[in-house]
């Protein structure tokens, strides 16, 4: 096929779209000798492979006619029932199964929420920095993003209030706020209770929706969990998105979203034309996994596992990194965020690191305003102890070489 | 939660979106006593449940760390290799694995193709009638649809040429054509070879893309297969979409799409923000299913099974339907399309039928111009022989009652 060039036929959004920085880096560093602290994928060591294998085989033998058939777009009724109960018990969210839609990962929950709520040129406020999957989904619907600084207790609500006021004064409408309240990607920080309340008040007074993305919330290693934004919300402005990727199995691609019944109905209609329904086998396996209490067991096991890895990386950082470099101690999740002195460039460091078989994710792609050149993200989730030790040591040495004395 | 009304915040597309007529009817008729000739779902009797169960268990035991982990957005490399071979051997399409993207069903292939190619107000030509999943995906990207009549040999290319000329004369740009070449949903008709060639010539002269959606092509019950549009295409204007739902298992949600490398790359970027990647387990199971030659075996088995069901429905139609009612003999796929005399309304008939525990899909939702009131679609794929007999008999009697003597 000698294909003619058809790029002039691409949609404006596709023509402008850039690949996800993480997915692209994963391809670059896919070689066995690489000590990767880049990808935020879960550790296969904690995958409940045997349990899933036995449940899947059972389900396929007992009821192949259901398990292999199309499901409803909303998702398996029994599973939505279980998830409503989880929402209540684990996250303080009172909701009915009709308020739940099961999706192919929480990424799809975000995509559908954006489709239902974002018109081209609508503005969504996002953390500075924030996960670029979130901003990518917003932009894919033609939405625009404006950054709100994130500090040690999450999105800075003073700055948020200023931006909202300023935008309102200029007659510019804001549609919503995208926030990862727990152990945010990439910073690992958690939004404080006080700020959660302020955020809801601001959403109310400015007529906004809140996209609450909580893929890591179950993995808290210390301290008490904070209430979900949705559990504090009295007006139904929060769209609450959860992932099963970090506590069950990412390859099963199961996420779910809770919202107002009418909004969920609109998301269901959108999904009908997006992929008809979520993988049925994965839903039945998860249902049995929850019913047999394996989910709770797996979560508890994962917490211990990842806490050890976090502690180990923190210890290695203390050992090998200069005191001129700053980082945080995340209370959960997968990430530690590194701040180099402002004159150092983490993207340049990354090039040197990859040449030396060490990888991380530079911070810049997480900053929609192009700042954050001196930052980068380390993940302890997937790397072995040996790779964490060797990777942090090598990075520490490379940074020291670059530091002004 | 006493939710405030947020409908004023919905996107224009979501506010206007209507649920898929088929998915909605499926909810209405979901009772055991219903003799449904409505849904075009595959027959669970031919699901390879045991084979899939054994492969899935094997894969989960042998390599849970891969099978349960995120995959690349493009899809499993080994599977894309197998699919490229299938494309060559079964469909005469020469392509490399880099030209293939694995999706959550062919519905997602269509959604991603639309995202990459359709800007709001772009016009796509579609069959009159056609599958509303296709038009739904186009509209979800803000696209507009114009109908081209479908007759016994598919989309009428004379009319297509007229419409294209007329639009060009009016300075209106057309972006592409959506076509289901084999055993089209809902009519069951197949686009003739002559028309396939004309369609490609028109696409070339009018600078269009062709969305070739072929979910039923493998299920041909008689006659020789016609070449895929993509196999005849010398300029790379065809986006070829295939489904595993009718020949493997719909609940596994696996489809794939072949296109120009650059276009596939854009679709991959879109998918990164849509759902990151396709279910990994389903991909590994399908890979083994193909490698152990079970796919070919299943296809051959399915052909025999559905051919018998088609023949049985045709026989029952001949027995119970008035000669004033017209229908076709599909050479493959799942559907027979019924044309009542023009003065009869199939939607009214459906209401009476559902009251009497018989269901079908009225034709009107397949006609984007609101015509087709006297038509309806029957499916023999999922119904038992007993339901086909009883359903067709009951419908025949209801229609006779309504016919003018």
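One table, with the values for the structure above:
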| item | result |
| --- | --- |
| Failed condition for residue B:54, given (1) under 17 Å from residue B:252 (Cα atoms); (2) surrounded by fewer than 19 Cβ atoms within 10 Å (Cβ to Cβ); (3) in the same structural domain as residue B:138 (by TED's automatic domain parsing) | (3) |
| Subset tally (residues that are under 20 Å from residue A:68 (Cα atoms) and either in contact (Cβ under 8 Å) with a residue 24 or more places away in the chain or not in a helix (DSSP H, G or I) (or both)) for the stretch B:292-308 | 11 |
| Selection from the stretch B:235-250 of residues that are within 7 Å of another protein chain (Cβ to nearest Cβ) and either closer than 20 Å to residue B:55 by Cβ or free of Cβ contacts under 8 Å to residues at least 12 places away in the same chain (or both) | B:249, B:250 |
| Complete set of residues in the stretch B:349-373 that are over 22 Å from the mean Cα position of the chain (by Cα) and surrounded by 19 or more Cβ atoms within 10 Å (Cβ to Cβ) | B:349, B:350, B:353, B:358 |
| Matching residues, the stretch A:251-265, being surrounded by 24 or more Cβ atoms within 10 Å (Cβ to Cβ) and within 8 Å of another protein chain (Cβ to nearest Cβ) | A:251, A:252, A:253, A:263 |
| Residue in the stretch B:272-291 that is assigned to a loop (DSSP other than H, G, I, E, B), modelled with pLDDT of 95 or more and surrounded by fewer than 19 Cβ atoms within 10 Å (Cβ to Cβ) present | no |
| Positions within the stretch A:387-405 being in contact with a helix residue (DSSP H, G or I) (Cβ under 8 Å, 6 or more places away or on another chain) and either under 19 Å from residue A:318 (Cβ atoms) or in a loop (DSSP other than H, G, I, E, B) (or both), in sequence order | A:388, A:389, A:392, A:393, A:394, A:395, A:396, A:397, A:398, A:399 |
| Residue tally, condition modelled with pLDDT under 95 and at negative phi, over the stretch B:170-212 | 3 |
| Residue identified as closer than 21 Å to residue B:44 by Cβ and out of contact with any strand residue (DSSP E or B) (no Cβ under 6 Å at 6 or more places or on another chain) among B:253, B:265, B:291, B:224 | B:253 |
| Filtered residues of the stretch B:64-93 (kept if touching a residue at least 60 places away in the same chain (Cβ under 8 Å), assigned to a helix (DSSP H, G or I), at the interface with another protein chain (Cβ under 9 Å from one of its Cβ atoms) and surrounded by fewer than 21 Cβ atoms within 10 Å (Cβ to Cβ)) | B:66 |
| Set B:329, B:323: member being assigned to a loop (DSSP other than H, G, I, E, B), outside the structural domain of residue B:182 (by TED's automatic domain parsing), out of contact with any strand residue (DSSP E or B) (no Cβ under 9 Å at 6 or more places or on another chain) and over 25 Å from residue B:29 (Cβ atoms) | B:323 |
| Members of the stretch B:364-386 found to be assigned to a loop (DSSP other than H, G, I, E, B) and over 20 Å from residue B:397 (Cβ atoms), listed by number | B:367, B:368, B:369, B:370, B:371, B:372, B:373, B:381, B:382 |
| Some residue of the stretch A:22-39 being at the interface with chain B (Cβ under 7 Å from one of its Cβ atoms) and either in contact with a strand residue (DSSP E or B) (Cβ under 9 Å, 6 or more places away or on another chain) or in contact (Cβ under 8 Å) with a residue 60 or more places away in the chain (or both) | no |
| Failed item in (1) touching a residue at least 40 places away in the same chain (Cβ under 8 Å); (2) more than 7 Å from chain A (Cβ to nearest Cβ); (3) in contact with a helix residue (DSSP H, G or I) (Cβ under 8 Å, 6 or more places away or on another chain), with residue B:279 passing the rest | (2) |
| Tally of residues being at pLDDT below 80 and closer than 17 Å to residue A:73 by Cβ across the stretch B:1-38 | 12 |
| Unmet requirement for residue A:54, which otherwise passes all of (1) more than 7 Å from every other protein chain (Cβ to nearest Cβ); (2) more than 26 Å from the chain's Cα centre (by Cα); (3) closer than 26 Å to residue B:243 by Cα | (3) |
| Any chance residue A:346 is away from chain B (no Cβ under 14 Å), more than 25 Å from residue A:78 (Cα to Cα) and more than 23 Å from the chain's Cα centre (by Cα) | no |
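Residues checked against (1) within 28 Å of residue A:346 (Cα to Cα); (2) surrounded by 13 or more Cβ atoms within 10 Å (Cβ to Cβ):
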{"site": "A:5", "(1), (2)": "no, no"}
{"site": "A:10", "(1), (2)": "no, yes"}
{"site": "A:25", "(1), (2)": "yes, yes"}
{"site": "A:38", "(1), (2)": "yes, yes"}
{"site": "A:60", "(1), (2)": "no, yes"}
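The values are calculated or read from the model by the stated rules, or taken from the named source; none is laboratory data. All of these numbers come straight from a predicted model, not from anything done at the bench. Ideal geometry is used to build each Cβ from the backbone, glycine not excepted, and the neighbour counts take in all protein chains shown.
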